[in-house]
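Below is one structure, written out as structure tokens; the observations come after it.
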Amino acid sequence: MTEEIWSAEKSKAVFGVGRNDLHFLDITEDGNLCVKLGKHRITFQELVRSVNSMSENGTRYTSSFTLRIPQLITYQVKKLKASFERVFDELGYRGKFIGIYPVKVNQRKDFVTAVIRTDSEYGLEAGTKPELLLIKKLTENEKHRQIVCNGTKDPKYLKLIQASMDSGWNIGISIESVQEARLVVKHFKPQKTHLILRIKPYLNVEGHWSHSTGRDSKFGLSIHDLYNVVELLKQSGFAESVKSILGHAGSQITGLDAFTRFGSFLTKLYSELREMGLSNLENIDFGGGLAIDYAGSYPPDLMYQYAYNIVTGVKAQIERDSKRHPEPNIMIEAGRAVTALAALIVVHALELRSVFPTPGDTHESETARAEEDYLTRIHNANTLEKMVSLWNEFHERFGGMTLAGLEAIHVREMVVGKLETAVRARLREMNLPTYSSDKLERSFWYPEHIVIGNFSVFNSIADHVMVQQHFPVIPTRDLHIHPQSTVRLVDITCDSDGEIADFYRQHTEKTWFTKDNRPVTMPGGKMDKGIPVGVLDSVPGSYFVIPLVGAYQDAIEMDHNLLGDLPDVELRLKEDNTWGISWITGAESIEDLLKDAGYADIDVHEDPYMS
Ligand SMILES: Cc1ncc(COP(=O)(O)O)c(C=O)c1O
């Protein structure tokens, strides 16, 4: 079969580079992944070289790191506001856009600072006392910003809120239960208080967090509680303190039409609550939920469509209510969409392992004859069903445990490897409309190479383990070469969950294959296993990039196996339009990790990753 002509452009399509939320990445003609920053294209080779020339305490650093690009937060904050303003213009909407960054998504100072430096009107959301304290610290000289205090509130949290309001901060207090409403009316003064009624969204949405959006949500007021709270507020003189209602429909909501329904639903409540006497109600806070395109599978313009759907839903309801109420201001607490792009894990590949022996002679034996027989049958197979049954048959025959001894296992593994290769070649020749079958005991395409990356999935991308969040993985070199095969990227923890093998096969009209006949794209697009790589032999010592890790992953990291944080390196476009990188913090030391586990006197200043 003639080898397809490959190019960096083809790799861009395969990896979704340059599209949607990977718009800031590119591939050079000679196959190097790079970051686009201003007019610069900075390859990861250059970045790694710069990091390798840095040293901490006199030691040169030469392995994996987290790359931070806070300027991408600026980009996202501006894009979000611009998306709403465009929709307001298009639909003639008269409410305002109020952006609020929920710091729980990433509390790092460089990230929160990037948000507030971008927009002097952007607000911040706290879910706990410590988060409110960090917000106060960062806004000491900017007390006009809208702060939303969510989360369960005890008297101490409320006291902190009250003291902050007394010192001039502009705080909206969300009421999430009757108990909280009672505490608020007891301790606060109606004229000085901005109350936000947080209401359960009563919405059916697809996704991991769907349990947080309906009747059973742990957040917000149920409808019966809402009645009681409104009554209590009216009786105690707080009816006019309610300026906002809030509904958070969950995170990473991919079904965009849910936002139109949600827009109408919250607007209906807004109108009814105003008619019930909450006459100062003027804002609807839609919480978070704006998705990131981790798989590169959405149409472009996700943010615009999100804004369009919400505003359309709101406007339609205002019209259904005969325009009796003003168009509300729209508050958006998008977090993931604001910070995800700004961090990438750059993983050093330590070694490459193969699960099958190098193909060789099977010797004269019964196994060799069986191998020959299977090769002929594979060659003659002409339907998917026949191939599935052959595949399952030879795996059953040669796979699994045997007491025949090491030499026999070696030969059998070699045979399985050879037969798998033959099946893939034949399947490609058959050029089928689909290769999927629910009868396969092992996927045709399961990668036979494993890359050991010097990192911990649990520390750097915990959501991959906790909620099976997909994160893209992109090799940094040989992207101009027709991919030789696909791999699984595994970490150095002793846990089999510490691996990423999922790779989204982008839609192309015809399937594109690796040189060893594994699909890298598919009509319709599909999630499958195996990250394409250009040249297997060049993998050890190279780097892989896991982008889009700037939301939540820093906050929920785990120190599994006492593997802590990777070093942090920041990439920035400077005022003179040159770029620079700076070393922010080194990896968490073994000493600190042990201290957290109660071992105070072990003095090791090294990081726990492989050297
Ligand atoms: C109240 C509230 N607002 C905003 C967010 C941020 O959501 P996202 O990151 O999906 O934008 C969350 C996340 O859980 C939340 O609970």
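Residues that are more than 16 Å from the ligand (Cβ to nearest atom), on the phi > 0 side of the Ramachandran plot and open to solvent by 10 Å² or more (accessible area, probe 1.4 Å) within region 521-562 comprise GLY524, GLY525, GLY541, ASN561, LEU562, listed in sequence order. Pairs linking a residue in region 158-175 that is farther than 24 Å from ILE199 by Cα to a residue that is polar (S, T, N, Q) and surrounded by fewer than 21 Cβ atoms within 10 Å (Cβ to Cβ), with Cβ atoms under 9 Å and 6 or more positions apart or on different chains, are TRP169/THR139. Of all residues in region 480-511, those that are open to solvent by less than 30 Å² (accessible area, probe 1.4 Å) and not in a loop (DSSP other than H, G, I, E, B) total 9. Quick check on region 339-357. Is at least one of its residues assigned to a helix (DSSP H, G or I) and either away from the ligand (no atom under 16 Å from the Cβ) or free of Cβ contacts under 8 Å to residues at least 12 places away in the same chain (or both)? Within region 339-357 (the criterion being assigned to a helix (DSSP H, G or I) and either away from the ligand (no atom under 16 Å from the Cβ) or free of Cβ contacts under 8 Å to residues at least 12 places away in the same chain (or both)), the answer is no, since none of the residues qualifies. Does at least one position in region 74-82 carry a residue that is more than 16 Å from the ligand (Cβ to nearest atom), open to solvent by 70 Å² or more (accessible area, probe 1.4 Å) and of a type in the set (A, V, I, L, M, F, W, C)? No, every residue in region 74-82 fails to be more than 16 Å from the ligand (Cβ to nearest atom), open to solvent by 70 Å² or more (accessible area, probe 1.4 Å) and of a type in the set (A, V, I, L, M, F, W, C).
Being assigned to a helix (DSSP H, G or I), among the basic types (Lys, Arg) and open to solvent by 10 Å² or more (accessible area, probe 1.4 Å) is a property that does not hold for ARG477. Condition check: within 30 Å of VAL14 (Cα to Cα), away from the ligand (no atom under 13 Å from the Cβ) and not hydrophobic (A, V, I, L, M, F, W, C). Does ASP225 satisfy that? The answer is no for ASP225. For region 512-520, the criterion of being part of a strand (DSSP E or B) and surrounded by fewer than 20 Cβ atoms within 10 Å (Cβ to Cβ) is satisfied by no residue at all.
For first residues located in region 275-290 and open to solvent by 60 Å² or more (accessible area, probe 1.4 Å), partners that are more than 8 Å from the ligand (Cβ to nearest atom) and among the hydroxyl-bearing types (Ser, Thr, Tyr) and lie 6+ apart or on another chain with Cβ distances below 7 Å do not occur. Inspection of region 359-374 finds a residue satisfying the criterion of being in contact with a helix residue (DSSP H, G or I) (Cβ under 7 Å, 6 or more places away or on another chain), touching a residue at least 40 places away in the same chain (Cβ under 8 Å) and within 27 Å of PRO540 (Cα to Cα). Residues in region 255-302 that are assigned to a strand (DSSP E or B) and among the polar types (S, T, N, Q): ASN283 only. Under the condition of being touching a strand residue (DSSP E or B) at 6+ places or on another chain (Cβ under 8 Å), under 21 Å from HIS194 (Cα atoms), aliphatic (A, V, I, L, M) and away from the ligand (no atom under 16 Å from the Cβ), the residues counted in region 275-303 number 2. Here is the figure for region 304-334: residues that are crowded, with 23+ Cβ neighbours inside 10 Å and within 16 Å of the ligand (Cβ to nearest atom) total 8. For region 31-40, check the following and say yes or no: at least one residue is assigned to a helix (DSSP H, G or I) and not small (Gly, Ala, Ser). No, region 31-40 contains no residue that is assigned to a helix (DSSP H, G or I) and not small (Gly, Ala, Ser). Scanning region 102-113 for residues that are in a helix (DSSP H, G or I), within 22 Å of LEU67 (Cβ to Cβ) and within 16 Å of the ligand (Cβ to nearest atom) yields VAL103, VAL105, PHE111, VAL112.
For the residues GLU272, GLU231, the requirement of being away from the ligand (no atom under 16 Å from the Cβ), more than 24 Å from LYS315 (Cα to Cα), surrounded by fewer than 17 Cβ atoms within 10 Å (Cβ to Cβ) and among the charged types (D, E, K, R) singles out GLU231. For region 285-312, the candidate set comprises residues that are among the acidic types (Asp, Glu) and modelled with pLDDT of 95 or more; within that set, the residue that is farthest from GLN506 (Cα to Cα) is ASP285. Within the bounds of region 434-449, is there any residue that is within 23 Å of SER64 (Cβ to Cβ), outside any loop (DSSP other than H, G, I, E, B) and at pLDDT 95 or above? Yes: one or more hits. Taking the criterion of being in a strand (DSSP E or B), under 15 Å from THR139 (Cβ atoms) and either open to solvent by less than 40 Å² (accessible area, probe 1.4 Å) or modelled with pLDDT under 95 (or both), the residues of region 160-205 that qualify are ILE171, GLY172.
Here is the figure for region 83-101: residues that are within 16 Å of the ligand (Cβ to nearest atom) and outside any helix (DSSP H, G or I) total 5. Scan region 114-125 for residues that are in a helix (DSSP H, G or I), surrounded by 16 or more Cβ atoms within 10 Å (Cβ to Cβ) and not small (Gly, Ala, Ser) and the total you get is 3. Taking THR358 as the residue in question, decide whether it is open to solvent by 30 Å² or more (accessible area, probe 1.4 Å) and more than 39 Å from the chain's Cα centre (by Cα). Here the answer is no, as THR358 does not meet what is asked. If you filter region 1-55 down to residues that are at pLDDT below 95 and among the β-branched types (Val, Ile, Thr), you find that the one that is least open to solvent (accessible area, probe 1.4 Å) is VAL51.
The values are calculated or read from the model by the stated rules, or taken from the named source; none is laboratory data. Source: prediction; values computed, not measured. Note: ideal-geometry Cβ built from the backbone for every residue, glycine included; neighbour counts use all protein chains shown. These accessible areas exclude ligands, DNA and RNA; they are computed on the full protein's heavy atoms, side chains included. Shrake-Rupley method; radii C 1.70, N 1.55, O 1.52, S 1.80 Å.
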